[in-house]
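Each remark here refers to the structure printed beneath this line.
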Amino acid sequence: MNFQLKTFEEYKAAYRRSVEDPEGFWGEVAEHFHWYRPWKSVLEWEFDTPDVKWFNGGKTNITYNCLDRHLDTRGDQVAILWEPNNPQGEAIRLTYRQLYHEVCRTANALKSLGVGKGDRICFYMPMVPELTIGLLACARIGAVHSVVFAGFSAQSLADRINDSACKLVICSDYNARGAKNIPVKQVVDDALAMGCPSIEKVMVLRHTGEKVNWDNNLDVWWHDVVSGQPAACPPAEMDAEDLLFILYTSGSTGKPKGVVHTVGGYMVFAAYTFLNVFQYQEGDVFWCNADVGWITGHSYIVYGPLLSGATSLMFEGVPTYPDAGRFWEVCEKHRVNIFYTAPTAIRALMAMGDEWAEGHDLSSLRVLGSVGEPINAEAWHWYHEKIGRKNCPIVDTWWQTETGGILISPLAGLTPLKPNYASLPLPGVQPCLIDANGQEIEGDGVEGMLCMKFPWPGILRSTYGDHERCRQTYFETFPGKYFTGDGARRDEDGYYRIIGRADDVIKVSGHRIGTAEVENAINEHDLVVESAVVAFPHNIKGQGIYAYIITDKPVTDFPKFEREVLATVARIIGPIAKPDVIQVVPGLPKTRSGKIMRRILRKVAEGDTSNLGDTSTLLNPEVVAEIIAGARR
Ligand code: WT7
């Protein structure tokens, strides 16, 4: 696809064009894809309801564009290069032709289980080729996938299955992660035992081979339903605005919401951003080591690379197994050219010492990427020097589950870099900064809430089953604009630096966690009356979780109480949401209207109580001193 920009000048020209004539711009990009029927209009939109349609009236199938289209030109090229958890295990290479046949067989298997267009299918899987195959199999027949990260609890899984009434859940027997095998089929069984009335079948991949409980009425083995299926399956002709997938993500209030992405716009945007940000070149090995349970894996392990005919490396394991050299060993072994990871992984590996990277030949690396949270200067420089050997541009890519693909980022090798800056918007992306009164802040050297003035093809279309929630969450705060939830700064070169979330969302090791969700989980513990959760800066995780808890009886055995609270959070949400610090408090600072003054709690959690600001409006100012006295850091 020849929409790859080659110079910074070309970027600037493309950017101008995309603002002056967005429809002309994106229409031309979209023409590089295969459509059964052309669109009637490139873009129809308003941000009030909101209602956004890209390529409306067009018909396509994303898997035709990921697979069929490549068969003549690159059928024998590796599409998925899989590196197992166990370094002694064998890597799997699936060519585009093999992947095509596997996807077709699996799509036919799904049909045989009664899955059809529009049905929702939940995935609770390890990072194995079958996960990619399964997603594409859904898209082949027009079913909607909803991947749930396999670190979430049975309760979280059940909530997500029920919110979108999934018909089928696909899992493995066990997941191999580091030194442990995790019984995920058991988690699915537990979720279903909580009540998931829409589920008709559970499709189980035999992966580690360990024994699992089996229900003959419900459970089917992946290999039983897939083997023997025909290796061809006609792609469903999908409307550009038909659903492609749902992905749940946390916000500042309530339960996680199902972010909805549709076929046409997402397809165009995933490929456009992949080719331009990473500057993928023919023959490169691209490695994004996010989990497919997050949007990063959807867009830059599965769809972006495959749409572009790339070789996408998929890694089952963790960065520190069997030791802290694993990433670099894999880079060396597979001659990785482009490497994309999260700051939390960089910081964790940096903390373990330079020697883990030094022993490896990293000369194949050409581009490094970062995503998920701000990358601090120290980590940026370490990544640049120790991993990139000062030869690789770092693309600090800012985006969100809701944006479908990267919105603000350098284009590797084109955009001049500044550490700490996600830099410039991609063509088609129109950011602005808004002040507390909702006014746009012009000029440079300014800071404000980061919003988008204009739709891009990958923008979320809705939140599943509750469109009003989509409006309230993203389009109500600043009418006529999409609000990202982040604060940002713009400098004299127009570069953006992301400051972090401006709402009650915490980024723990790059994972997005809502404070309300954690509080609700903590409150399930018998002794807990009320709780308040805030973020604090954490050396490795970026942010840690600090929980203030009021109990109805004095806690006599604190270590036991702490263990129980952590176990409660792990049971209700998952281990990733476990607080790092727990403090039992006599009360929470509240305003007269009953609102918790989180500002004070954040200050205490940060260990900076020198300037707490005005506390005179508090209903109970006396608790502040007690909270400070009992602070646990
Ligand atoms: C939030 C979105 C985008 C895929 C992974 C996370 C933060 C993301 C950056 C970055 C600073 C970043 C923001 C954003 N974030 N990338 N390069 N610099 N912050 O997706 O879970 O939807 O989280 O992650 O706060 O709003 P997500």
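The values are calculated or read from the model by the stated rules, or taken from the named source; none is laboratory data. A quick note: this is a predicted structure, and the numbers were derived from the prediction, not measured. Heads up, the Cβs are rebuilt from the backbone with ideal geometry, glycines too, and the neighbour counts pull from every protein chain shown. SASA here: full protein model, heavy atoms, side chains in, ligands and nucleic acids out. Shrake-Rupley method; radii C 1.70, N 1.55, O 1.52, S 1.80 Å.
Within segment 154-172, the set of residues being open to solvent by less than 10 Å² (accessible area, probe 1.4 Å) and over 16 Å from Thr401 (Cβ atoms) comprises Leu157, Ala158, Ile161, Cys166, Leu168, Val169, Ile170, Cys171, Ser172. Pairing residues of segment 498-511 that are in contact (Cβ under 8 Å) with a residue 40 or more places away in the chain and of a type in the set (Ser, Thr, Tyr) with residues that are open to solvent by 30 Å² or more (accessible area, probe 1.4 Å) and more than 8 Å from the ligand (Cβ to nearest atom), at Cβ distances under 8 Å and at least 6 apart in sequence or on separate chains, gives Ser509/Ile540; Ser509/Lys541; Ser509/Ile576. Is it the case that some residue within segment 517-535 is open to solvent by less than 60 Å² (accessible area, probe 1.4 Å) and touching a His at 6+ places or on another chain (Cβ under 7 Å)? Looking through segment 517-535, none of the residues is open to solvent by less than 60 Å² (accessible area, probe 1.4 Å) and touching a His at 6+ places or on another chain (Cβ under 7 Å). Based on this model, can you work out whether Thr60 counts as over 29 Å from Pro410 (Cα atoms) and surrounded by fewer than 15 Cβ atoms within 10 Å (Cβ to Cβ)? The answer is no for Thr60. Within segment 573-608, being under 34 Å from the mean Cα position of the chain (by Cα), in a loop (DSSP other than H, G, I, E, B), surrounded by fewer than 15 Cβ atoms within 10 Å (Cβ to Cβ) and not small (Gly, Ala, Ser) holds for Lys595, Asp608.
Taking the criterion of being within 16 Å of the ligand (Cβ to nearest atom) and either of a type outside the set (A, V, I, L, M) or touching a residue at least 60 places away in the same chain (Cβ under 8 Å) (or both), the residues of segment 382-394 that qualify are Tyr383, His384, Pro393.
Of the strands (runs of 3 or more DSSP E) entirely within segment 477-518, those holding at least 1 residues that are within 22 Å of Thr415 (Cβ to Cβ), at pLDDT 95 or above and within 18 Å of the chain's Cα centre (by Cα) occupy 482-490, 496-501. Taken over segment 38-65, the residue count meeting the criterion of being polar (S, T, N, Q) and closer than 19 Å to Glu402 by Cβ is 1. Selection of segment 454-503 for residues being within 11 Å of the ligand (Cβ to nearest atom), open to solvent by 20 Å² or more (accessible area, probe 1.4 Å) and among the acidic types (Asp, Glu) yields only Asp503. Among the residues examined, Val225 qualifies as among the β-branched types (Val, Ile, Thr), more than 16 Å from the ligand (Cβ to nearest atom) and part of a helix (DSSP H, G or I).
Restricting attention to segment 510-528, the residues being within 16 Å of the ligand (Cβ to nearest atom) and among the charged types (D, E, K, R) number 2. Taking strands (runs of 3 or more DSSP E) as the structural unit, those lying wholly within segment 73-176 and holding at least 3 residues that are within 27 Å of Val260 (Cα to Cα) correspond to 120-124, 144-147, 168-172.
Condition check ((1) in contact with a strand residue (DSSP E or B) (Cβ under 7 Å, 6 or more places away or on another chain); (2) closer than 30 Å to Thr463 by Cβ; (3) among the aromatic types (Phe, Trp, Tyr)) across all residues:
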| position | (1), (2), (3) |
| --- | --- |
| Pro50 | no, yes, no |
| Phe55 | yes, yes, yes |
| Gly58 | yes, yes, no |
| His101 | no, no, no |
| Cys104 | no, no, no |
| Leu110 | no, yes, no |
| Phe123 | yes, yes, yes |
| Pro129 | yes, no, no |
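Anything in segment 6-25 that is touching a residue at least 60 places away in the same chain (Cβ under 8 Å) and not in a helix (DSSP H, G or I)? List them, or say none. Within segment 6-25, Lys6, Thr7 qualify. Selection of segment 281-307 for residues being more than 13 Å from Met127 (Cα to Cα) and surrounded by fewer than 24 Cβ atoms within 10 Å (Cβ to Cβ) yields Gln281, Glu282, Gly283, Asp284, Val285. Condition (residue is out of contact with any helix residue (DSSP H, G or I) (no Cβ under 8 Å at 6 or more places or on another chain), at pLDDT 95 or above and among the charged types (D, E, K, R)) applied to segment 199-207: is it met by at least one residue? Yes, segment 199-207 contains a residue that is out of contact with any helix residue (DSSP H, G or I) (no Cβ under 8 Å at 6 or more places or on another chain), at pLDDT 95 or above and among the charged types (D, E, K, R).
Condition check for Asp189 on (1) within 28 Å of Ser250 (Cα to Cα); (2) open to solvent by less than 10 Å² (accessible area, probe 1.4 Å): one failure, at (2). Met127 fulfils the conditions (1) surrounded by 24 or more Cβ atoms within 10 Å (Cβ to Cβ); (2) of a type in the set (A, V, I, L, M, F, W, C); (3) over 27 Å from Leu99 (Cα atoms) except for a single criterion, (3).
May I ask you to verify whether Pro322 is in a loop (DSSP other than H, G, I, E, B), open to solvent by 10 Å² or more (accessible area, probe 1.4 Å), more than 12 Å from the ligand (Cβ to nearest atom) and touching a residue at least 60 places away in the same chain (Cβ under 8 Å)? So Pro322 passes the test.
Filtering segment 1-13 to residues that are over 27 Å from the mean Cα position of the chain (by Cα) and either more than 16 Å from Thr273 (Cα to Cα) or of a type in the set (A, V, I, L, M, F, W, C) (or both) leaves Phe8, Glu9, Ala13.
Out of segment 339-372, which residues are of a type in the set (Gly, Ala, Ser), closer than 21 Å to Tyr280 by Cβ and within 13 Å of the ligand (Cβ to nearest atom)? Residues satisfying the conditions are Ala342, Gly369, Ser370, Gly372.
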